[in-house]
Structure formats: structure tokens, C-alpha cells
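Engineer: Sharing a structure, written as C-alpha cells. Questions coming.
The values are calculated or read from the model by the stated rules, or taken from the named source; none is laboratory data. The shown structure was predicted, so the numbers you read here are calculated from the model rather than taken from an experiment. Positions of Cβ are generated from backbone atoms using ideal geometry, with glycine treated the same way; all protein chains shown enter the neighbour counts. All accessible areas refer to the heavy atoms of the entire protein, side chains included, with ligands and DNA or RNA removed. Shrake-Rupley method; radii C 1.70, N 1.55, O 1.52, S 1.80 Å.
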Amino acid sequence: MNEVLKRLGLQEVNSGAAFDGWYDTTGRVVESVNPTTGEVLASVRLASVDDYEDIIQRSQDLFRRWRMLPAPKRGEIIREMGEALREHKADLGALVTMEVGKLKSEGLGEVQESIDVADFAVGLSRQLYGLTIHSERAAHRMYEQWHPLGIVGCITAFNFPNAVWAWNAMLAGVCGDVVLWKPSLKAPLTAIATHMICEKVLQKHGWGGVFSLIIGDDADVGEALINDRRVPLISATGSTRMGRHVGATVAKRLGRSLLELGGNNCVIVHKDADLELALRGVAFGAMGTAGQRCTSTRRLMLHEDIADQFLQRLTRAYESVPIGDPLVEGSLVGPLIDEDAVRMYESAIKAAQEQGAELLVGGSRVDGPGYFVRPTLMKAPMDAEIVREETFAPILYVSTYRDLSEAIAIQNSVDQGLSSAIFTDSFRASEQFLSHKGSDCGIANVNIGTSGAEIGGAFGGEKDTGGGRESGSDSWKAYMRRQTCTLNWGEDLPLAQGVKFVI
Ligand code: NAD
């Protein structure tokens, strides 16, 4: 076994379920494959619905105790988790790269994101503020307070196998919830390694199981989780197809869901843009992470005045971008996650051509081991069906515009509403883009690409992206229940709105 995996203790574990210790799971075995080489890294035996049931029952019990620990004390434990992640950052980052094919710096960056959110959560643990409200009744006081919810089910996508869990777990943890993580079957090792690092800290303090793990099939374990009334919040990150099903299932039992789904993100390059900046922003957004970020740039609108010049430079960047092993310094485009992803890339390009698009660069698989494809640039009609869908691969569709309102309307015309960006040096153009008649996305950037966000802001998108917000700002409110309290310190019992009821 690979040294990184050994250092992370992965040679000792092939179980798919953990709550204050590993279960002896009995399900089918799934292999984690390195998309760079096609080699099997390790295998995991999946958990069953019985394992799930056991974890939920123990989680319910643990929640009753965990919620009684003062929030700053919970924050202290999260602080130590951040320290533990710092200690293992190099290995965990390398594992992210090995398991999902991100560049080395991006694997490390992902773990850094988890550390950052842990730090953020520590500060939050001394806040979690409520409001005081003036009562209309004399000698009355109103305020609102926030209580923990209970068990949070956290479903994560393959492409952020470490940070998305941290966004949820670190916040939910300081809020007083316990978290059951169901990761993607495409990245089980990162989940196991992350779980082990954080579980060790919890066990040290006698809180093993506050963050539990279940790796199982969607059809049994996944369905059990989303249908379970004992889990008041399901936070699910993944495709819109998944979110539509999960959201409807949770809504049917009147549970809460926090959905972080697909994007179809557009960059507008205006006539007065700093083209060097725009080039770098678009190149990273569209080719970076091999187009496998929810915030990857998939559509590009170029102002007619600069379109030819910009496209020439972008074409050169596409032609020369180094594709290769993401662990090797200098590679800028790693592999797709698996063979299915390569097939989807190929069929999207074919569909685009059938729907009127013209291939400018790329369009094919790279020979050799692994799942490498060439970043692809296509001139395309922006209303083509395939352009309106999210293909999780490095394909960028380009078109031109004359009028900024028209470009913004095209940007907003798709079903997804995650990330958006404009490159411009014009105050008016930038303000128009950010105004209420501008971008309809959850993220709107100026002179920064669509891809990559800091944890301090709330992260998420509108429309088919699901409407959820995770990570910074006041996203913590999703993990708590609000209670409005009215206290009467007078000697009378006046009713609100002047209602009289005298007995
Ligand atoms: P996916 O939808 O195939 O799977 C996501 C997760 O959902 C996996 O853990 C999967 O096992 C689980 N799942 C699927 N059906 C389920 C069910 N019935 N019950 C319970 N769990 C179920 O997505 P993916 O291919 O892993 O990831 C790529 C997608 O995720 C892209 O669409 C991308 O845009 C999106 N994504 C969104 C964000 C965001 O914050 N908006 C972040 C990362 C990824």
C-alpha cells in the first residue's frame, strides 16, 4: 500500500461505518480507483441498513448529551480538529489528489478550506446570536434564541471529498448537532481518513461518535437516511438530479433540506475588461480541476469588440495547457473521475456539434492510462440544449454579445444559478451586473472568475442549484432551530393585537 495511505492509517480500515469505533460491515466491496492511473488504491466494505439503524439510535442518545455541552466548549473541540487537520494536511491533501485527481495545490487547498472553516466555527461558538425585539405589550420582553436541531445527515459529492463535509460538520458541531456523513462512493478513502483524524480528537474528549460515518449504497443506506424522520436536516451536495429526489423525499416528511447542487456558470468579458486578468480567470475557471467544480466556468460571453482578440489568446492557452499527473508540479489539468465521466464528456461534445456548436480546441480523450481528456473550447449557440445543461467536464461554450443587458439575460437564462462573473473596468457595467436586474446567481464576482470561493461568505446558489447556503456568514442558522420567546414581567395579561378575553 502507498505510503500516504499508510501514514493516514488506511491499511487498518476497510469498513464503511463508524460511530466511536468501526463496525464489522458486511456489504459489497467497492474499490477506490486513482483516476490518474486507473489503479485501485484500496477497497471498502459497504455498510448495511442495520449498521445505519444502529448509528442513528446511538446518535440520538449522544445528541441529548452533546447539546448540553456549552457551545464554546464544543468550539474548543472543533479547534483541536482544525489543529489535527493542519498536522495531516500534506497527506490528506495528497490523498484528495490521488482519489479524485485534483492538482496537488488544490488537494492541499481543499484541506486548508476545512481548517479555515474549523477556525471560523470556533469563533462562531461564542456567537450564535439571537435578536431582542420590542414587544407591543407593556412589561413584556421578546427575544429569539437558537437551539440545536439534532442529527444532521450530510451527503457529499465526489469532487470535494473533504471540505464539503467540514463546511457542514464544523458548523453543525458547534451548533450542538451530531452529524452522520454519507460520502460519495467515488471518494470513500478521503472520507475514512478525514473521519479518523477528527474522531481521534472527539474520543480524546470522550465525545466519540459526534461525527459518524456511513458508506453505503444510495438505494438502501441513502434512502434510509433521507426518509428518516429522526434526521431533521439533510444537507446534500451533488447533482441537481440527486437534489430533486432528495429534496422531494425530505419535504414529504416535512424535514429540512439544505441543497447544494449543480451549476452552469457564465463569465462575461466586457469591452473594457483587463484581458490579461480575464484570460487567467477564465482559464482557471474552465480548465482548472478538469472542469469538475460546481463553480467551473461552462459558458463565456465575449463583447464583440474584444471577442476575436480574446478568443485567439484563449485558444493558445487551451492548446498549450499541460495535462498530466496532478501530483507532478507543472501539471494544470488532471483526470476526470472515471470512465463514465469521460463518456459524458464525449457525448456532450457530440451533442453540441449536432446542436450547432463548432469545435475550436480539444474534444478528445488523451491516450494512455487514467481518465484524461483535453480541455475543450466550442463556439456555441447559447440556447442549445446541451449548453443549458451541466456537463461535469472541461468544456467551455463561447458566444458573443453587443449589449450588456443581453449578455446578462443570456447568463440568467439557464436553470442553474450558482456562480457568475464579469470582467470589466467600468463602474456602470459592474454595478449593473451586481444590481437586482443583474446576475441571478448565489455568487456574483467582478474581475474574479466563477471558480473558487472563500469560506467567510455564504456559499450556494439559486434555482436548480437548490437555494442552500453553507459555510460562512450566517449559514449556521440552517443547523439550528429558532425559538421566539415572549416574557411577561407585569401583573396583567394583555393579549396581542388588543384582543379581549376576560373570564
Ligand atoms: P451525485 O449527485 O452523483 O452524488 C452526490 C451524492 O449524492 C453522493 O454521495 C451520492 O451517493 C448521493 N446520492 C445520490 N442519490 C442518493 C439517494 N437516493 N439518497 C441518498 N444519497 C444519494 O454528484 P457527484 O457526481 O458526486 O458530484 C458532482 C455534482 O455535485 C455536480 O453536479 C456538481 O455541480 C455538484 N456539486 C455542487 C456543489 C455545490 O456546493 N453547489 C459542490 C460540489 C459539487
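Engineer: Does segment 401-423 hold any residues that are under 22 Å from residue 272 (Cβ atoms), open to solvent by 10 Å² or more (accessible area, probe 1.4 Å) and not small (Gly, Ala, Ser), and which are they?
Structural biologist: Passing the criteria: 402, 403, 404, 406, 410, 412.
Engineer: Give the residues of segment 15-39 that are open to solvent by 80 Å² or more (accessible area, probe 1.4 Å) and farther than 13 Å from residue 213 by Cβ, sorted by residue number. It would help to see each step written out before you state the result.
Structural biologist: So the first thing to find is which residues in segment 15-39 are open to solvent by 80 Å² or more (accessible area, probe 1.4 Å), and the list is 22, 24, 26, 28, 31, 39.
Scanning segment 15-39 gives 24, 26, 28, 31, 39.
Engineer: Still on this model: Assess whether residue 42 counts as being in contact (Cβ under 8 Å) with a residue 12 or more places away in the chain and either part of a helix (DSSP H, G or I) or more than 25 Å from the chain's Cα centre (by Cα) (or both). Reasoning before the result, please.
Structural biologist: Details: in contact (Cβ under 8 Å) with a residue 12 or more places away in the chain: yes; either part of a helix (DSSP H, G or I) or more than 25 Å from the chain's Cα centre (by Cα) (or both): no.
No, not satisfied.
Engineer: Which ones in segment 481-492 are open to solvent by less than 70 Å² (accessible area, probe 1.4 Å) and over 11 Å from residue 142 (Cα atoms)?
Structural biologist: Matches in segment 481-492: 490 only.
Engineer: Okay, next question. Note down all Cβ pairs under 9 Å where the first residue falls in segment 144-157 and is touching a residue at least 60 places away in the same chain (Cβ under 8 Å) and on the phi > 0 side of the Ramachandran plot, the second is aliphatic (A, V, I, L, M) and within 16 Å of the ligand (Cβ to nearest atom), and they're at least six residues apart or on different chains.
Structural biologist: Within 9 Å, the pairs are 150/231; 150/233.
Engineer: State whether the residues of segment 244-260 include one that is open to solvent by less than 20 Å² (accessible area, probe 1.4 Å), more than 16 Å from the ligand (Cβ to nearest atom) and farther than 18 Å from residue 453 by Cα.
Structural biologist: Scanning segment 244-260 turns up no residue that is open to solvent by less than 20 Å² (accessible area, probe 1.4 Å), more than 16 Å from the ligand (Cβ to nearest atom) and farther than 18 Å from residue 453 by Cα.
Engineer: Since residue 385 meets every condition but one in (1) part of a loop (DSSP other than H, G, I, E, B); (2) modelled with pLDDT of 95 or more; (3) more than 21 Å from residue 411 (Cβ to Cβ), which condition does it not meet?
Structural biologist: Only one criterion is unmet by residue 385, namely (3).
Engineer: What do you reckon, is residue 97 of a type in the set (S, T, N, Q), touching a residue at least 40 places away in the same chain (Cβ under 8 Å), more than 30 Å from residue 481 (Cα to Cα) and open to solvent by 30 Å² or more (accessible area, probe 1.4 Å)? Full working, then the answer.
Structural biologist: Details: of a type in the set (S, T, N, Q): yes; touching a residue at least 40 places away in the same chain (Cβ under 8 Å): yes; more than 30 Å from residue 481 (Cα to Cα): yes; open to solvent by 30 Å² or more (accessible area, probe 1.4 Å): no.
So residue 97 does not fit the description; no.
Engineer: When you go through 478, 496 one by one, which is the residue that is open to solvent by less than 80 Å² (accessible area, probe 1.4 Å), within 16 Å of the ligand (Cβ to nearest atom) and out of contact with any helix residue (DSSP H, G or I) (no Cβ under 6 Å at 6 or more places or on another chain)? Please lay out each step first, then the result.
Structural biologist: On the way: 496 fails: within 16 Å of the ligand (Cβ to nearest atom).
Just one listed residue meets the conditions, 478.
Engineer: Same structure again: Which residue, of 295, 240, is within 10 Å of the ligand (Cβ to nearest atom) and not assigned by TED's automatic domain parsing to the domain that holds residue 397? It would help to see each step written out before you state the result.
Structural biologist: Values: 295 fails: not assigned by TED's automatic domain parsing to the domain that holds residue 397.
Unique residue meeting the criteria: 240.
Engineer: A further question follows. Among the candidates 297, 289, single out the residue that is of a type in the set (Ser, Thr, Tyr), over 20 Å from residue 96 (Cα atoms) and touching a Gly at 6+ places or on another chain (Cβ under 8 Å).
Structural biologist: Details: 289 fails: over 20 Å from residue 96 (Cα atoms).
Residue meeting the stated conditions: 297.
Engineer: May I ask you to say which residue of 289, 297, 315 is polar (S, T, N, Q), modelled with pLDDT of 95 or more and closer than 19 Å to residue 384 by Cα?
Structural biologist: On the way: 289 fails: closer than 19 Å to residue 384 by Cα; 315 fails: closer than 19 Å to residue 384 by Cα.
Matching residue, one of 289, 297, 315: 297.
Engineer: A follow-up question, please. Any idea which of (1) part of a loop (DSSP other than H, G, I, E, B); (2) more than 16 Å from the ligand (Cβ to nearest atom); (3) within 20 Å of residue 288 (Cα to Cα) is the one residue 397 doesn't satisfy?
Structural biologist: Just one mismatch for residue 397, condition (1).
Yes/no matrix, rows are residues, columns are (1) more than 16 Å from the ligand (Cβ to nearest atom); (2) of a type in the set (Asp, Glu):
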{"site": "171", "(1), (2)": "no, no"}
{"site": "211", "(1), (2)": "yes, no"}
{"site": "218", "(1), (2)": "no, yes"}
{"site": "223", "(1), (2)": "no, yes"}
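Engineer: Within the group 442, 417, 449, which residue is under 13 Å from residue 263 (Cα atoms), small (Gly, Ala, Ser) and touching a residue at least 40 places away in the same chain (Cβ under 8 Å)? Explain how you work it out, then say what you get.
Structural biologist: Working: 442 fails: touching a residue at least 40 places away in the same chain (Cβ under 8 Å); 449 fails: under 13 Å from residue 263 (Cα atoms).
Exactly one of 442, 417, 449 is under 13 Å from residue 263 (Cα atoms), small (Gly, Ala, Ser) and touching a residue at least 40 places away in the same chain (Cβ under 8 Å), namely 417.
Engineer: For segment 49-111, give me every one of the helices (runs of 4 or more DSSP H) that falls completely inside it and has 1 or more residues that are within 21 Å of the chain's Cα centre (by Cα), at pLDDT 95 or above and under 20 Å from residue 291 (Cα atoms). Spell out the reasoning first.
Structural biologist: Numbers: elements: 49-66, 71-87, 89-100.
So the answer is 89-100.
Engineer: Moving on to the next point. Here is a check on your reading of the model: is residue 25 assigned to a loop (DSSP other than H, G, I, E, B), more than 27 Å from the chain's Cα centre (by Cα) and in the same structural domain as residue 199 (by TED's automatic domain parsing)?
Structural biologist: yes
Engineer: Here's something else I'd like to know. Only one of these conditions is not met by residue 304: (1) closer than 30 Å to residue 91 by Cα; (2) in contact with a strand residue (DSSP E or B) (Cβ under 8 Å, 6 or more places away or on another chain). Which number is it?
Structural biologist: (1)
Engineer: Report yes if residue 270 is near the ligand (Cβ under 10 Å from one of its atoms), out of contact with any Gly (no Cβ under 9 Å at 6 or more places or on another chain) and of a type outside the set (S, T, N, Q), otherwise no.
Structural biologist: no
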